[in-house]
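K.L.:
First the structure, then my questions, so here it is.
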């Protein structure tokens, strides 16, 4: 399930977009200001960001600039939400690397169409790119993992769990987050399921297994 962050200070717009996207099969989360958004980014890396320009604490253009200069977040696709008549902000946003913009007021159908188009374009350029962390090489498109040149044979869930950890390199993820993202919202299991899969992953990754680190009383992380 693809994750979308919405940064919008208007409660009615933000709540409407979060609800509509969740109903369309996206995992969406809303933030009313820059401070809350940056805290959210430390917890999880989204697949796309909807970013309003006019925010109460930090200007959306400033946030966009910081994201695009970041080594960790620089490739996340961003759609700017702009007020009618702010052509200068739209041009500036696109110059800084925004992938698209939507002018308010907008229809949910239009927004949904723009999101799908940007995700499709982004996917065409990134699906074949491998992820490398501490000698572990993961190929998302082929669903293959290599350590020291040898392939690690993983189950479907083991691969999904490792992919999630590696996409969030050096971020501590709780067992609850992993259950939610890898097994799904409706999964009725318990956190021991994660521990068992982590143990199996470490064994199958051999010398690379040490890259999966336990963070006491919290969860796990890869790298760092």
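Please treat every number below as a calculation from the coordinates, not as lab data. Please read these numbers as outputs of a predicted model, since none were measured by experiment.
K.L.:
Expressed as a whole percent, how much of the Cα-Cα distance distribution for segment 30-88 exceeds 16 Å? Let's see the in-between values first.
P.N.:
Numbers: 694 of 1711 pairs.
It works out to 41 percent of all Cα pairs.
K.L.:
With both bridge residues required to lie in the chain, what share of the DSSP beta bridges run antiparallel, to the nearest 5%? All intermediate terms of the calculation are to be shown ahead of the outcome.
P.N.:
On the way: 16 of 34 bridges.
Taking every DSSP beta bridge with both residues in the chain, the antiparallel ones total about 45 percent.
K.L.:
Per DSSP H run of n ≥ 4, the term is -39500 (n - 2.57); total these for the chain, divide by its residue number, and report the mean residue ellipticity at 222 nm rounded to 500 deg cm²/dmol.
P.N.:
Details: 8 runs with 91 residues, N = 224.
It comes out at -12500 deg cm²/dmol, rounded to the nearest 500.
K.L.:
If I fit a long axis through the Cα atoms of helix 156-167 and take the longest principal axis of the Cα atoms of the chain, what angle between them do I get, 0 to 90°, rounded to 10?
P.N.:
For 156-167 against the chain, the angle is about 60 degrees.
K.L.:
Also, I was wondering about something else. Using only the alpha carbons of segment 140-224, what is the convex hull's orientation-averaged projected area in square nanometres? Write down the numbers at each step before the final one.
P.N.:
Working: hull surface 22.0 nm².
Over all viewing directions, segment 140-224 projects a mean Cα-hull area of 5.5 nm².
K.L.:
How large is the convex hull of the C-alpha atoms of segment 1-123 per residue, in Å³?
P.N.:
Values: hull volume 11.8 nm³, N = 123.
For segment 1-123, the hull spanned by Cα atoms encloses 96 Å³ per residue.
K.L.:
Pairing the Cα long axis of helix 34-43 with the longest principal axis of the chain, what angle in degrees results, from 0 to 90 and rounded to the nearest 10?
P.N.:
Roughly 20 degrees, rounded to the nearest 10.
K.L.:
Can I ask one more? Suppose we keep just the alpha-carbon trace of segment 102-174; what are its Rg and Dmax in angstrom?
P.N.:
16.6, 53
K.L.:
Give the Kirkwood hydrodynamic radius (Å, one decimal) of the chain, defined as one over the mean of 1/r across all pairs of different Cα atoms.
P.N.:
Working: mean 1/r = 0.0534 Å⁻¹.
Mean inverse Cα-Cα distance, inverted, gives 18.7 Å.
K.L.:
To the nearest 10 degrees, how steeply does helix 192-205 sit against the main Cα axis of the chain, on a 0 to 90 scale?
P.N.:
Helix 192-205 sits at roughly 70 degrees to that axis.
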